[in-house]
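As structure tokens, the structure follows; a few thoughts come after it.
Bear in mind these aren't lab numbers, they're just calculated from the coordinates by the rules spelled out. Keep in mind that this is a model prediction, so the values were computed, not measured. Here the Cβ positions follow ideal geometry from the backbone for every residue, glycine too, while neighbour counts run over all protein chains shown.
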Amino acid sequence: MKTIGATTTYVGSEHGYRVRIVAVLKASGSLIKDDDDLARAGGVTAEDHVEVQPWLEAEGRFSFVTSDPCAVDLTCFEHLKRG
């Protein structure tokens, strides 16, 4: 599964719209910007954060500004939520 560059929806308090995944911030502190490196690091976990760019509908492009919500706040990683 492609993670870096994938689009998904952020569902949380910061914003609630379409975002593009730029990188994964592992709980260990490493920043991963490549899917092969992410696979070697064990993929995305519930403890990780994901750097994302929000889609700017009015401008028809992704923002240059990023945020780093918890991975489980993205619809593509909802399955990682702890019970």
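Applying the selection to segment 27-53, what residues are under 10 Å from residue 71 (Cα atoms) and in contact with an Asp or Glu (Cβ under 6 Å, 6 or more places away or on another chain)?
49, 51
Within segment 59-71, is there a residue that is over 12 Å from the mean Cα position of the chain (by Cα) and among the charged types (D, E, K, R)? Talk me through it step by step, then tell me what you get.
To start, the set of residues in segment 59-71 that are over 12 Å from the mean Cα position of the chain (by Cα) comprises 59-65.
Remaining after also requiring among the charged types (D, E, K, R): 59, 61.
The answer is yes, given that some residue of segment 59-71 is over 12 Å from the mean Cα position of the chain (by Cα) and among the charged types (D, E, K, R).
In segment 16-31, which residue that is farther than 30 Å from residue 57 by Cα and out of contact with any Ser or Thr (no Cβ under 9 Å at 6 or more places or on another chain) is surrounded by the fewest Cβ atoms within 10 Å (Cβ to Cβ)? It would help to see each step written out before you state the result.
Step one: filter segment 16-31 for residues farther than 30 Å from residue 57 by Cα, giving 27-30.
Now drop any that are not out of contact with any Ser or Thr (no Cβ under 9 Å at 6 or more places or on another chain), which leaves 28-30.
Details: 28: 9, 29: 6, 30: 13.
Going through the qualifying residues, I end up with 29.
Of all residues in segment 1-31, how many are touching a residue at least 12 places away in the same chain (Cβ under 8 Å), small (Gly, Ala, Ser) and either in a helix (DSSP H, G or I) or closer than 17 Å to residue 54 by Cβ (or both)?
Within segment 1-31, residues that are touching a residue at least 12 places away in the same chain (Cβ under 8 Å), small (Gly, Ala, Ser) and either in a helix (DSSP H, G or I) or closer than 17 Å to residue 54 by Cβ (or both) number 4.
Right, residue 78: part of a helix (DSSP H, G or I) and out of contact with any strand residue (DSSP E or B) (no Cβ under 7 Å at 6 or more places or on another chain) or not?
Details: part of a helix (DSSP H, G or I): yes; out of contact with any strand residue (DSSP E or B) (no Cβ under 7 Å at 6 or more places or on another chain): yes.
Yes, satisfied.
Which count do you get for residues in segment 32-75 that are outside any helix (DSSP H, G or I) and surrounded by 12 or more Cβ atoms within 10 Å (Cβ to Cβ)?
Initially, segment 32-75 is screened for residues outside any helix (DSSP H, G or I), giving 32-34, 41-70, 74.
Going one step further and asking which of them are surrounded by 12 or more Cβ atoms within 10 Å (Cβ to Cβ), we end up with 32-34, 41, 43-56, 62-63, 66-70, 74.
Residues in segment 32-75 being outside any helix (DSSP H, G or I) and surrounded by 12 or more Cβ atoms within 10 Å (Cβ to Cβ): 26 in total.
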